[in-house]
Amino acid sequence: MEIPAINLKAIVLVHWLLTIWSCIVPWLPNSFIWSNFTVLAIGVWAIAQRDSVDAIIMLLIGMLLTIITDIINFSLYYDLSVHNDTFRFSAGMAILSLLLKPASCFFIYQMYRERGGEYNINFDLETSIDSRYTTDSADSVPFTRHY
């Protein structure tokens, strides 16, 4: 099964619109607004520089971080006592944006791979520990004790 191609412009546009709608009622702190619009600005940078691996990886990392900060902001600032329609619409759009972010991260990661980015993290601890204790046999002189 082939992964559908999603345009980066569409991802940025959808998240921009949902962020605008979530800010209709000022129930979220400024950190929500600044973090999401900063990530969207990085998204515009990634759109402008189509070959930049740095721009797309920063967008991916920013999206992942805003998932965490959005969850924290929603858990701290969501008010269950407010029942007007505008607040519910604003909160719904913020939650919808949060729900779409993992899918957006998946597609952004695919774009990162298409741009030539590689995700290679090697935690090979055995070779790094062993390399401290091994020496070249040509350089080492065996230690002999003379009495």
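Read-outs: derived from the displayed coordinates by stated rules, not from any lab. Everything quoted here is computed from the prediction, not taken from an experiment. We place every Cβ from the backbone using ideal geometry, glycine too, and count neighbours over all the protein chains shown.
Summary table below
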| read-out | value |
| --- | --- |
| Two-site label geometry, SER81 and ILE20: point separation in nm, points 7 Å out along Cα→Cβ | 3.3 nm |
| Nearest-0.05 FRET efficiency for SER52 and LEU13, computed from C-beta distance (R0 25 Å) | 0.80 |
| Under Karplus coefficients 6.51, -1.76 and 1.60, residue-wise ³J(HN,Hα) of segment 81-92 in Hz, glycine/proline x | 7, 7, 10, 7, 5, 5, 5, 5, 5, 4, 5, x |
| Net lengthening on full extension, TRP34/GLN110 (0.36 nm per residue, minus Cα-Cα) | 24.8 nm |
| Segment 1-77, relative contact order [Cα under 8 Å, separation at least 6], % | 33 percent |
